[in-house]
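A.B. asks: Input: one structure, supplied below.
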């Protein structure tokens with residue numbers, strides 16, 4: 001009996017060591033060596049402090065900052081754990097709203113957002129990504145059109161020339177991966193950090 005069981009035990013222990021320990025350590029080591037920033041979560045630092053990740057959006061409030069896409073992520077309601085409350089960019093609960101095009105709640109929310117954005121900039125059409133959520137709810141990027149749309153509001157709040165703010169946007173447009181995959185985009189956190197830096201130099 002023991003003679004038959006022993007090989008099975010040895011194989012389980014061996015495979016556990018290989019797939020559960022050796023392989024993850026090897027992959028992590030290679031990733032750290034070849035892609036150190038990505039392996040650490042693509043963290044963005046400012047003055048030696050981590051302020052976010054290039055891969056996860058965060059909520060920016062106030063007219064002086066560029067805003068990202070709406071986020072439909074939620075978290076447990078502190079008052080009732082059986083319910084959820086809105087929690088934008090909650091990385092622990094990534095996901096979309098699952099509301100379809102016939103949903104009145106979705107239509108009302110989009111209409112309300114469009115009205116707010118038109119009040120900010122009536123001279124341009126509202127880019128779709130400023131009123132629609134992404135499938136993950138964590139999208140850190142917006143389209144160049146969405147960034148340019150916000151320039152008048154940001155420039156007014158910062159008391160900066162619109163051309164200077166528009167130049168910051170243009171400088172931070174990332175192209176398609178390998179020139180063919182994805183769409184041009186602007187990382188909102190990186191843009192806002194550049195905006196803070198530029199604004200501090202003008203005051």
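A.B. asks: Out of (1) surrounded by fewer than 19 Cβ atoms within 10 Å (Cβ to Cβ); (2) in contact with a helix residue (DSSP H, G or I) (Cβ under 8 Å, 6 or more places away or on another chain); (3) touching a residue at least 12 places away in the same chain (Cβ under 8 Å), the odd one out for residue 161 is which?
C.D. replies: (3)
A.B. asks: Of the residues 84, 28, 19, which is assigned to a strand (DSSP E or B) and either free of Cβ contacts under 8 Å to residues at least 24 places away in the same chain or not assigned by TED's automatic domain parsing to the domain that holds residue 135 (or both)?
C.D. replies: 84
A.B. asks: Would a scan of segment 68-75 turn up a residue that is in contact with a helix residue (DSSP H, G or I) (Cβ under 7 Å, 6 or more places away or on another chain) and not in a loop (DSSP other than H, G, I, E, B)?
C.D. replies: Scanning segment 68-75, I find at least one residue that is in contact with a helix residue (DSSP H, G or I) (Cβ under 7 Å, 6 or more places away or on another chain) and not in a loop (DSSP other than H, G, I, E, B), so the answer is yes.
A.B. asks: Please work out which residue is modelled with the highest pLDDT, limiting yourself to segment 144-187 and to residues that are within 20 Å of residue 53 (Cβ to Cβ) and in a loop (DSSP other than H, G, I, E, B).
C.D. replies: For segment 144-187, the residue satisfying everything is 172.
A.B. asks: Then there is this: Do the conditions hold for residue 56, that is, is it at negative phi, in contact with a strand residue (DSSP E or B) (Cβ under 6 Å, 6 or more places away or on another chain) and in contact (Cβ under 8 Å) with a residue 60 or more places away in the chain?
C.D. replies: Here the answer is no, as residue 56 does not meet what is asked.
The values are calculated or read from the model by the stated rules, or taken from the named source; none is laboratory data. The model shown is predicted, which means the values in this text are computed figures rather than measured ones. Virtual Cβ from ideal backbone geometry, glycine too; neighbours counted across all protein chains shown.
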